[in-house]
Structure formats: structure tokens, C-alpha cells
Ligand code: TXE
């Protein structure tokens, strides 16, 4: 559990834990049991103002403002050590909070520590450049400043990983942060703040305020004291946040939805492809933006691959996310479960439901569990094919030629990720290069690591997380021109 007053969570502002000034709370529901496990404090406008003011003071006048990149690197490395030490306890909190099986939430915290270490390495390497000029006897160079106070607005589906993928590059660049967790899963981000505190960051560098999106989230997006909004969530909300942030010329990073195509060619290692296709959707019960939810299979091996995917999928164990054997947990909420099952129901008329599609009962009836689902021969104009379902649902169609596969894959409003399974060099590079997505995996799926830039084309978002570019996006450039006196 996290820092509480009774059952009520606290806010982390200016290096201290405090009560929200409003009495409003929202129950935090464990999706495996349907029972409340805490009451999330709903921050008031005054609390949001206090968090932004603390972040601005830390940025402009506190010890953080005077720290070199070398010193920031040291603090980030201390933060990574705290995350590693707390991985088991953060994992338990995240599992109870949002239902991801314990083995994955614990691993996710260790991966988060890896991300922090990687970005610690950039903190002392952020440099401008010397710029050629057309003017004799002049010197021109650029300086990279931290962009300022960052509002990091995160969703519920991967609260540890997504919080860290914003915090780590922002802190490496010298920014200060107000983190707003999702109301559906606020507890793990609050545990991250405990690691920030133990690592010894100066007050105000990282603040965590909980609350509802239209209240606390919207207040941060509109706040004149915030310089950049980094948001991960649904595309429709991203559209609203991008437009609102533009009114005050804030910098914006939007990591939004996806409907990624996983393309299997007949020459591929079909067992590996079937395993990859299964993992691509079942990890985190399909509640991930990069889920390879559209499966495209070359016609001669279509039925064979579907059979393999169904067999592997059927072998994954669905159950209590606290149990060490569970690989697939519940969905985040009953509302979300109804939405996922509704998508499959609508498509059943046009497609062939090979597996699943229904809420699970028995011992799992109190939780929000849906069976892993495979729907074949889906109408490519249907909502199930085109929209992000965010559940353990794979939709499949056959194709004949590489050109047809690329056309099908790119016929989407999204452009986040995709997979290609083939041993033919021309097909691998040709198809990877033709896909309009931010990431393409070849003979692999879901490989994520901190040095790789990650983000979307089209309606999957704006900006990149991961790699050097992620740090640079948390900086603002100044160009300095000096006219030197001749010596
Ligand atoms: O996230 P939301 P939801 C997709 C997925 C899912 C759908 C909705 O398909 O079913 O989006 O998910 C805060 N101003 N993804 O409802 O609504 C909110 O409090 C400012 C894709 O959980 O996008 C939370 O902290 N902030 C995805 C955060 O925004 C506001 C991850 C995300 O909320 C706000 C999750 C407002 N007006 C869902 N309203 C991905 N890209 O990985 C809400 N928020």
C-alpha cells in the first residue's frame, strides 16, 4: 500500500505528503475482486496550484535549478536503486490496483529502473552545438534549456512504465514534473513518489496529484504555470488535450491509441509467429497501445496459423493476478469489460468467433475477466477491425501479396506499431519500410527498450519517448550569436 490517512491516499507536493484540501474521494477498485481497496484523494484546484507552484519554484530558484547534469545523473541513479529495491512491493500495489499479473508488474518496475538508469546516462550529455555562420569572425552556438514544468498525465494500463517513461527523460533534461495518475489506477504512481523521496530529490522536483481527468487533468493542461503536457491515453482525449494545450502554446507530447497489424508471411517460422501473435495481444490482457490486435496471414497458411494461435492462446492461464501462475488478469473495470465484449458481439455477425468473446464466470465471476478471443474473417470496415478494443481480442484476415498486406496494414487512422514475420530479406525490409507506424518489429513483437524511440504516426500521437530524442523533446533551444572583435 501507499501513503494513506486511514483508507484515503495522500498527495505528494513540494517534497511532503499531505491531505488533499477537498474532502472528495473516489474508490479504487481491485479489478480481480470488484472490491474497493482504497479511497483516492481528489485534489482541489488549490492543491493543483500548489503542486505547479512547487514545481516552478524548484525549476527556477531551488537547489535543482543550480544542479549540473552530473548531479542530476547521480540522483537519477539513486532513484533507479530505490525502484529496484521496492520492485516487489510496487508490483503488488500495481497488481491490486489494475489487475496486471504480479510477475509482470514486478518485472515492469525493474524495467522502469532500467529506463531511469538509461536516462541518467543522458543527464550529463545534453549539449548544444556550434553552428556555422555566413558572417566572418562570428561564433554561433545553441544552448539546450529544460523545457520547464511538465504535467505528466498517465493512464491506468501501465502506470509504472508510462509514468517512468515521462519522468526519466524530463528529469534528465532538468525539468520538474507534476504527475497525474489515472483515477482508475493511482496507487502505483504514488509508490513511485516514495522512491523519489528516498532518492533525495529536492522538494518540488516531482509532485503527484490524484484526481479526475476533467478536474485535475484539465486544470493542469490549462495551467499557466505548466510549460509542457506529456499525455498518454485515448486518441479522442488526446485530440482535446492537444487543442487545449495549444491555446497557451504549451509543448505537447501525445502517446495515443493503436490498432497494430501483425503480418505473417507463408515462409515465416509459423510457430514463432503464432507465439508472437499470441503475446502481442494477451500481454496485459490486451490493454496496451502496441497490441498487435490485427493479425494478417498469407492465405496458404491462414488456417494453420489461426489453429496455432488458438492452441497457444487456450494454454495461457487466466486468473487471480496475485497468483504466480496467472498470465492473463482481469480488465480494468466492468465498464471496460462491457465495451470489449460489446465489440466482439457486434462483429460476430460478420466474422467467425474462433475462441472466447465472453465474460468468464465461476471463481472469476466477481472480477472483470474476459476470455482470450480470436475472431477470423472480420469485415475490414467493421468497428472491431478499425477501432482500439483494448482487450485480449485478436481479429484476423487473410491476404495474398506483400502489397496487399501493406495496404491493409496502413488502412488505419492509427500508426503506432506493427509486426512482420518472414525470412525473406526483400519482404522484411520492404514491408517494414512501407509501414506507416512508429515501430516495426521483424520476427519479434513487443521488444521495448529505453534507447529505442517510441511513438506514433497519424492519430497514434505526437512526439517520441525513448532514446536521445526523448530527452531533447524536454528541452528548449536558444541560439547564441556572438560577433567577435578581430584579434
Ligand atoms: O484513458 P483516458 P481511459 C485508450 C484505450 C482506452 C481508451 C480510454 O482504447 O479504452 O483510450 O482510456 C486523464 N484533461 N487508451 O479512459 O480517458 C485521465 O484522468 C486532462 C490508450 O483510461 O485516455 C487519465 O489520467 N486529463 C492508451 C488520463 O487522462 C484528462 C492508454 C488517461 O485517460 C482529461 C490508455 C481531461 N479532460 C487508454 N480526461 C495508450 N496510448 O497506451 C481524462 N484525463
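Assign one of three labels to region 420-464, namely rounded, prolate or oblate, based on the Cα gyration tensor with a ≥ b ≥ c the square roots of its eigenvalues; rounded applies when a/c is under 1.5, prolate when it is not and a/b is larger than b/c, and oblate otherwise. In terms of gyration-tensor shape, oblate. Taking every Cα-Cα distance in the chain and sorting them into 20 Å bins from zero, the calculated P(r) comes out as 24, 53, 21, 2, 0 percent. Using C-alpha pairs under 8 Å with a sequence gap of at least 6, the mean separation divided by the residue count of the chain gives a relative contact order of 18 percent.
Against the chain, whose longest principal axis is taken from its Cα atoms, helix 334-348 shows a tilt of about 40°. For the chain, take the longest principal axis of its alpha carbons; what is the angle in degrees between that and the long axis of helix 187-199, to the nearest 10 within 0 to 90? Once rounded, one gets 40 degrees. The helix-only estimate of mean residue ellipticity at 222 nm for the chain, built from DSSP H runs of length n ≥ 4 each weighted as -39500 (n - 2.57), is -12000 deg cm²/dmol after division by the residue total. Centroid-to-centroid, using Cα positions, region 13-36 and region 327-341 are 22 Å apart. The ranking of 22, 163, 333 from fewest to most other beta carbons within 10 Å of each one's beta carbon is 22, 333, 163.
Helix 87-98 axis versus longest C-alpha principal axis of the chain: approximately 60°, rounded to the nearest ten.
Can you say what percent of the DSSP beta bridges in region 320-416, counting only those with both residues inside, are antiparallel? Round to 5. Close to 50 percent.
Label zone of residue 70 (point 7 Å out along Cα→Cβ, amide N under 16 Å): in region 117-135 this covers 121-127.
Values quoted throughout were computed directly from the atomic coordinates according to the rules given, and no laboratory measurement underlies them. None of the values given here were measured: they were computed from a predicted structure. Virtual Cβ from ideal backbone geometry, glycine too; neighbours counted across all protein chains shown.
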